[in-house]
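This report concerns only the one structure given below.
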Amino acid sequence: MKQRRLQKKALAMSIACTLALSLSPAYGGIGYAAGTGSEASQATEETAATDAGATPDYSLEAITVEAKRPNWESKLSPGTVTVIRPDDYKGEQKTLPELLQDVPGVHVRYVSGKGQYTTVSVRGSTAAQVGVFVDGVLTNLGGDAAVDISTIPINNVERIEVYRGYIPARFGGTYMGGVINIVTKKPDKANISAQIGKSSWGGTTAGLEITQPLGSGSLLIGINRDESDGDFRYENPYSKEVYARDMPGLQAELNLAIDFINFNLEGYIGTNPNFSTAEDIYAAFDNPAKYNQYLNAALDNYYKSWGFSTKEAMISARGWTEQKYNDVVKQALDDERSMFDSGTADVRKRMSELSNDNTRWRKNNDYKNTDAIIKWQDDHWLVKGSWKKIDRGMPRKVDVDPALSTIVDLPDQFERKRQELTTKELMVGRRDMTGNLEWGWQLNYLDQDKRYRNPDYQKFGKMPAVFEEWSAYDSRRLGGAIDGTYKAGDNHLLEFLANWSREKMDVNGSRMDKYDFEPSLTNRERFRTYYEHTLFNLQLQDTITLNQAADLWLTPSIRYNYSKVMGRALGKSDLNKWVDQEDSQVNDKVTWQVALKKQVDDHLTLRSTYGTYYRLLNLYEIAGDGAGILPRPNAYNDPRYAGQSIFPVPEEGTQWDLAAIWDGRLLGANSSKVQLTYFGRDSKNMLQLYRFGYNYWSYTNARKGQANGVELQTDFNWDKWDMSLAGTYLHTKQQTKYNAPNSATGEIYFNYPQFYTPEWEGSARLTYRPDNRLAIFGEVKYIDEMVTGIGENDKPYGQTSLTTVGLGAKYNINKDCQIIAGVNDLFDKGPEMRITRDYDANSAIGTSSLLEYPLQGRTYYMTLQYRY
């Protein structure tokens, strides 16, 4: 296989309309292009600074890509929020995970490698503790452990808001990590634009966007395609060592088998064929002329090996016919070849896996993502429909044992597992202003079908498990919300939200009608095939101006959150202690949070927040996935589980942060902003996967932990230079319960490392604009080493650190046409990442191995954009 090279030229027509966004109070609520609830209600500094009855200005001027952005942070939340505008990076072929890597406090984990299943955590949270919204509507489906952010398109997105700590009341639910809200564009003029791009490893991206005034509002149509072969090159550092260690012994085993067949065939044929290699045997038996030569020799000599003087004497003694004699001889010859094949199969397989060449090519790592959006909006109404289809391979993971890692990505040593995901979404809403009340409502419907298939499910000869060949997960969710903002006098700005949703999911798959576990218990009785999940949130927030100078604000918020989950199997057996035919659970609680902000002067703002959280669990965590994850078993009289719920209960905790924001001029910059935040979180009832037996896992509330850290975010703008820096320091402490509680002292905890949580993480980006046509940029990203698991003797092992460098340039050919070219991971560091661990000296070579899913490294790209 040859490396795909970046195409030097890409043809295209089109691109996205650069638009000015007007955020009047009438556009503030859920699901609108403003997408954040009333911006007026969140503009605490602006509201306080204006006279009573004055209306704050929320207009944005049209700004070029590299220009400094306005101060959105103070308009969106009394807590910490970072705003990303994808148009600033248009043409760089960045995905949502790549954009989120530049936000302090945010960690992106490429679970299955870049372009594949990817999750996000905030301030040391788990991925499930982060809420992901699109236009104010929750995208998290109950049947998923966490949101796969690699599947969320950003081509028609106006901005991405990342909230940490204090979460505004307009987002229903409580999230211990944070909230990510993705806001789609609201165009205000006619435009047609298109883009097409190529990148290394078979990458292609293309998009068409049409905006057009229609009636009293505006219409947006967007169609996008992103695909990649993903067959990048990487190095296996142990192939040569393993080859040198194992190949001589395997060759000796094969030689013994060759000597054995030579000995046997000498008795049959009379003349030693003297095979010296396995290939000699295959060539001789697979070649008709050569095979007939051996067969004829065997017919003439076979009787001698049984001590007969003539062929006729053997036929007479055995009572055969001559045809019977011929058939026996032919069968004997074929049996020798079959015996050689079966006796040396494992040896030959191992020899084919060994290689003296370190180079590997990733296989089954491709994806094809297609999405479309149509959106119409005026001063009151919004109607939006979207469609998304993803067809992707599911790459086989690399074994972390170096002695086994040579089998990965070699011919015939990977499975072609595939997943196809289709999502359809419809949303309609309206907003109105009545006196001092700005309010709105919206309805939304989401339908998602996930299909998994494995055409190689019998490839390795094992008995297929349930869902091994195929599975289908079909989800439907209907939801609605009402929210608003009410100005109560000069000193109070009230926000409220009430929302409700119900999700239904059907599950089916291969071997669901088999009796895999008990003679009288089918898989349809054991595994759940239907789920329901109902959520209800009622939330109220008040922004209070505390002094006459209008530079001190207090923002309290109170929330009531409710969840009911139900899982059902098709049947019930007394033998089934894991799943009743139907189980349900209700959880609800009232939580609160408060923020205090002080504007010291024109440049310095101080802020602090504190709050409690009660994260309602999803279907996956409560009822399992019907396969490897099951509810906690009904242990009946087992005293360890006396008084405990079958299902886990929601996670709880408190969070706080302190921040200082300086906005002015530093280091000779025309403008600069520096934000420093110290944060902490204390959590209990944290979920942990626990093996209960039968090789099945269940979630339990077995952990508690703390997280403390510092976030730094800076932006500088000079005449020809722009620079942004983001950095995070994070310290976590986690404890987990022993398997059995002590009846005398209660629960016993011991320290346990938190996985996939780097202590240090940061990014830097520098842009140089020598003239008004050219922009040259470079960026550096760093992720510290982190613990990823526990090995032998309870020793943790971890992933090495990663530093990547990217370079690129943008050139405006004319006012309508732009070309972008660049390279990510210039020094090809991604594929060099390793898992470091302690091994027994007799079991493996070295003390490190490849990642389970190697990361794509150096990637060139080029994009052409055109606007009509």
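Since every read-out is calculated from the coordinates, none of them should be taken as a lab result. Predicted model, so just to flag it, every value in this text is computed and none were measured. Cβ sites come from the backbone with ideal geometry, for glycine too, and all protein chains shown count toward neighbours.
Viscosity 1.306 mPa s, temperature 10 °C: Stokes-Einstein D of region 100-166 from its Kirkwood Cα radius, in µm² per second? Display every interim value, and only then the final one.
Details: Rh = 12.7 Å.
Roughly 126 µm²/s, to the nearest whole number.
Order 307-315, 286-294 from most to least packed using the mean count of other Cβ atoms within 10 Å.
On the way: 307-315: 13.6, 286-294: 12.0.
Per-residue mean Cβ counts within 10 Å order the peptides as 307-315, 286-294.
Please list, in order along region 603-620, the HN-Hα scalar couplings obtained from phi with the Karplus expression 6.51 cos²θ - 1.76 cosθ + 1.60 (θ = phi - 60°), rounded to whole Hz, x for Gly and Pro.
Once rounded to whole Hz, the list reads 10, 10, 10, 10, 8, 9, 9, 8, x, 10, 9, 8, 7, 5, 7, 9, 4, 4.
Starting from the Cα-Cα distance between residue 241 and residue 259, subtract it from 0.36 nm times their residue separation and give me the gain in nm to one decimal. Kindly include the intermediate steps, with their values, before the conclusion.
Values: separation 18, 0.36 × 18 = 6.48 nm, distance 2.81 nm.
Once the chain is fully extended between residue 241 and residue 259, it gains 3.7 nm.
About its Cα centre, what dipole magnitude does region 711-833 give when the only charges are +1 on Lys and Arg Cβ and -1 on Asp and Glu Cβ, stated in debye to the nearest 20? Don't skip to the answer; put the middle values down first.
Numbers: 11 positive and 17 negative charges, 63 e Å.
Roughly 300 debye, rounded to the nearest 20.
Can you tell me the FRET efficiency between residue 472 and residue 560 if r is taken as the Cβ-Cβ distance and R0 is 41 Å, rounded to the nearest 0.05? If you can, show how the numbers build up before the last one.
On the way: r = 36 Å, r/R0 = 0.87.
The pair residue 472/residue 560 has a calculated efficiency of 0.70.
Counting Lys and Arg as +1 and Asp and Glu as -1, each charge on the Cβ, what is the dipole of region 239-353 about the Cα centre in debye, to the nearest 20? Don't skip to the end; give the middle numbers.
Working: 12 positive and 18 negative charges, 30 e Å.
Charge dipole, region 239-353, about its Cα centre: 140 debye, nearest 20.
Measuring from centroid to centroid over Cα atoms, what is the spacing of region 524-549 and region 365-389 in Å?
So the separation of the two Cα centres works out to 25 Å.
Could you let me know the centre-to-centre spacing of region 596-627 and region 414-482, using Cα atoms, in angstrom?
The distance from the Cα centre of region 596-627 to that of region 414-482 comes to 25 Å.
Can you give me the distance in nm between label points at residue 359 and residue 514, each placed 7 Å from the Cα along the Cα-to-Cβ direction?
Here the answer is 4.0 nm between the modelled labels.
Please list, in order along region 351-359, the HN-Hα scalar couplings obtained from phi with the Karplus expression 6.51 cos²θ - 1.76 cosθ + 1.60 (θ = phi - 60°), rounded to whole Hz, x for Gly and Pro.
Ordered by residue, 3J(HN,Hα) equals 5, 5, 6, 6, 8, 7, 9, 6, 6 Hz.
Spin-label point model (7 Å from Cα, Cβ direction): what's the residue 774 to residue 345 distance in nm?
Reported label-point gap for residue 774 and residue 345 is 6.4 nm.
Full-extension gain between residue 815 and residue 530, please, as 0.36 nm times their residue separation minus the C-alpha to C-alpha distance. Could you put the intermediate results ahead of the total?
On the way: separation 285, 0.36 × 285 = 102.60 nm, distance 5.51 nm.
Length gained, residue 815 through residue 530: 97.1 nm.
What are the aspartates and glutamates whose alpha-carbon lies under 19 Å from the alpha-carbon of residue 384, with same-chain residues fewer than 8 places away excluded?
The reachable aspartates and glutamates, counting only those whose Cα sits under 19 Å from residue 384, are 135, 158, 188, 209, 371, 425, 432, 447, 483.
Excluding residues fewer than 8 places away in the same chain, name every one of the lysines whose C-alpha is closer than 29 Å to that of residue 815.
By straight Cα distance, residue 815 reaches 8, 9, 68, 90, 94, 185, 186, 189, 198, 375, 720.
Residue by residue through region 91-101, what is 3J(HN,Hα) from phi via Karplus (6.51 cos²θ - 1.76 cosθ + 1.60, θ = phi - 60°)? Round to whole Hz and write x for glycine and proline.
x, 7, 6, 7, 9, 4, x, 5, 5, 5, 5
Using 0.36 nm per residue of separation minus the Cα-Cα distance, give me the extension gain between residue 766 and residue 290 in nm, one decimal.
Details: separation 476, 0.36 × 476 = 171.36 nm, distance 7.03 nm.
Using 0.36 nm per residue and subtracting the Cα-Cα distance, I get 164.3 nm.
Sorted by average packing, counted as other Cβ atoms within 10 angstrom per residue and highest first, what order do 445-454, 268-277 take? Numbers along the way, then the final one.
Working: 445-454: 18.1, 268-277: 14.9.
Highest to lowest by the protection proxy: 445-454, 268-277.
Rank-order 812-821, 604-613, 160-169, 145-154 by packing density, defined as the average count of other C-beta atoms within 10 Å over each peptide's residues, highest first. Walk me through the intermediate numbers first.
Numbers: 812-821: 15.5, 604-613: 20.0, 160-169: 25.2, 145-154: 22.0.
Top to bottom by mean Cβ count within 10 Å: 160-169, 145-154, 604-613, 812-821.
What whole number of Å gives the distance from the Cα centroid of region 773-821 to the Cα centroid of region 304-338?
71 Å
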